[in-house]
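Report on one structure; see the data block that follows.
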Amino acid sequence: NPQTLSEYLEHWLQAAAKPRLREYTYHQYRKQLERYVTPILGQSRLEKITPLQIQGLYGQMLDRGLSARTVRLTHAIFRNALKQAVRWRMLRVNPADAVDLPKQQTREMRALSQDEAQRFLEAIECDPYRVLLATLLGTGMRPSEAGGLKWSDVDLIGRRLHVRRTATKVGGRWTFNPPKTAKGKRQIDLPDGLVALLADHVRDGELVFTNFSGEPFSQRTVLDYHFRPALERAGIEGSMRLYDLRH
C-alpha cells in the first residue's frame, strides 16, 4: 500500500527502532527525524523519494547554518530507516546510499595543562559545584557518569569509586542505565585531595552530585553558570566542554 514518508518513518520508529534501542537513543532518533526530515520530505511518497531530494534536504540544512555533524547524524538515522524499507521490500534500492555528505570539521581536543588545572581548581574554590568539577577533572569520568554516581559506589577508606551507571534525561524524566560498553563499568582510584573533598561533601540522599532540589544536575546549567565562568576567572582561553575535563 502506498505510504507517505511520514507514515513510513512512524511505522519504522515503532516497529523496528523502539524494540532494539535504548529509550534515550530512540527519543533522539525520533526528535532528529521530526525536526529535520519530515517537515521537508514527510508528504512525499516513500517509493518516490530520490537521492536528489535527500541531497537537497541536506543542502537546506547547511544553508540554515546547521553543522556538518548534525547533517551526518540525521543522514545516519534516515539511511538506517530506508535500509529497513529495502529489507521489507517496500523499496528496491536505498536512495540515501547515493548522497554526498558534508565533511565534518574535526574538533581540536582541548585539555588543561598542569598549570591551567591548578588555576581552575583555585577558581572553583567557592563554587557550589566545586566537588563535581574537581571530580570530573580528577577521575576522567564523563558528566553523565558523575550524574549517576551513588554514595554506595564510593569507597573513601579504599580511596576509589566504581562507575556503574549513567544519568540521562529522557522526555522530562531521569533514567539510569549501565554504561554502553563493558569497559564503561570500571573502578577509579581517587587522588588524596579528592578523597578529602568528597568526605566533606557527604550528605543525605543516594546520589553524590545533585542540583539544589536533590535531582541529578543539569549539564547545561553547570556548563553555562559554573564551568565557563570558572575558566574565565582562571584566565583559561579556548572553548571547552564539560566532557573535555576527562582529558
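The values are calculated or read from the model by the stated rules, or taken from the named source; none is laboratory data. The shown structure was predicted, so the numbers you read here are calculated from the model rather than taken from an experiment. In this analysis, Cβ positions are derived from the backbone assuming ideal geometry, glycine residues included, and neighbour counts consider all displayed protein chains. Accessible surface areas use protein heavy atoms only, side chains included; no ligands, DNA or RNA. Shrake-Rupley method; radii C 1.70, N 1.55, O 1.52, S 1.80 Å.
Looking across the stretch 13-34, the residues that are assigned to a helix (DSSP H, G or I), within 16 Å of Q84 (Cα to Cα), open to solvent by 20 Å² or more (accessible area, probe 1.4 Å) and not polar (S, T, N, Q) come down to A15, K18, P19, R20, Y29, R30. Candidates F120, F78: the one that is at pLDDT 95 or above and closer than 30 Å to G138 by Cβ is F120. The lone criterion from (1) of a type in the set (V, I, T); (2) at pLDDT below 95; (3) surrounded by 20 or more Cβ atoms within 10 Å (Cβ to Cβ) left unmet by T135 is number (2). Checked against the criteria, N80 does not count as surrounded by 16 or more Cβ atoms within 10 Å (Cβ to Cβ) and among the polar types (S, T, N, Q).
Filtered by the rule that a residue be in a helix (DSSP H, G or I), hydrophobic (A, V, I, L, M, F, W, C) and touching a Lys or Arg at 6+ places or on another chain (Cβ under 8 Å), the stretch 106-159 gives A123, L136. If you go through the stretch 138-151 and keep only what is open to solvent by 40 Å² or more (accessible area, probe 1.4 Å) and either under 15 Å from the mean Cα position of the chain (by Cα) or acidic (D, E) (or both), you end up with just R142. Residues that are assigned to a helix (DSSP H, G or I) and either closer than 20 Å to V71 by Cβ or free of Cβ contacts under 8 Å to residues at least 12 places away in the same chain (or both) within the stretch 40-49 comprise I40, L41, K48, listed in sequence order. From the list V37, V93, which one is out of contact with any Gly (no Cβ under 6 Å at 6 or more places or on another chain), outside any helix (DSSP H, G or I) and either without any contact (Cβ under 8 Å) to a residue 24 or more places away in the chain or open to solvent by less than 20 Å² (accessible area, probe 1.4 Å) (or both)? Just one listed residue meets the conditions, V93. Applying the selection to the stretch 152-187, what residues are among the aliphatic types (A, V, I, L, M) and either under 22 Å from Y24 (Cα atoms) or open to solvent by less than 20 Å² (accessible area, probe 1.4 Å) (or both)? Hits for the stretch 152-187 are L161, V163, A167, V170, A182. Considering (1) within 30 Å of T221 (Cβ to Cβ); (2) among the hydroxyl-bearing types (S, T, Y); (3) over 28 Å from the mean Cα position of the chain (by Cα), the lone condition that T70 does not fulfil carries the number (3). Out of all the residues in the stretch 109-138, which are farther than 24 Å from V208 by Cβ and aliphatic (A, V, I, L, M)? Across the stretch 109-138, the qualifying residues are M109, A111. Taking the criterion of being open to solvent by less than 30 Å² (accessible area, probe 1.4 Å), at pLDDT 95 or above and under 21 Å from the mean Cα position of the chain (by Cα), would at least one residue in the stretch 40-55 satisfy it? For the stretch 40-55, residues open to solvent by less than 30 Å² (accessible area, probe 1.4 Å), at pLDDT 95 or above and under 21 Å from the mean Cα position of the chain (by Cα): absent. Considering every residue within the stretch 215-223, establish whether at least one is touching a Ser or Thr at 6+ places or on another chain (Cβ under 7 Å) and open to solvent by less than 20 Å² (accessible area, probe 1.4 Å). Checking the stretch 215-223: at least one residue is touching a Ser or Thr at 6+ places or on another chain (Cβ under 7 Å) and open to solvent by less than 20 Å² (accessible area, probe 1.4 Å).
Residues in the stretch 58-90 that are part of a helix (DSSP H, G or I), of a type in the set (A, V, I, L, M) and either under 18 Å from E7 (Cβ atoms) or in contact (Cβ under 8 Å) with a residue 24 or more places away in the chain (or both): M61, L62, A68, V71, L73, I77, A81, L82, A85, V86.
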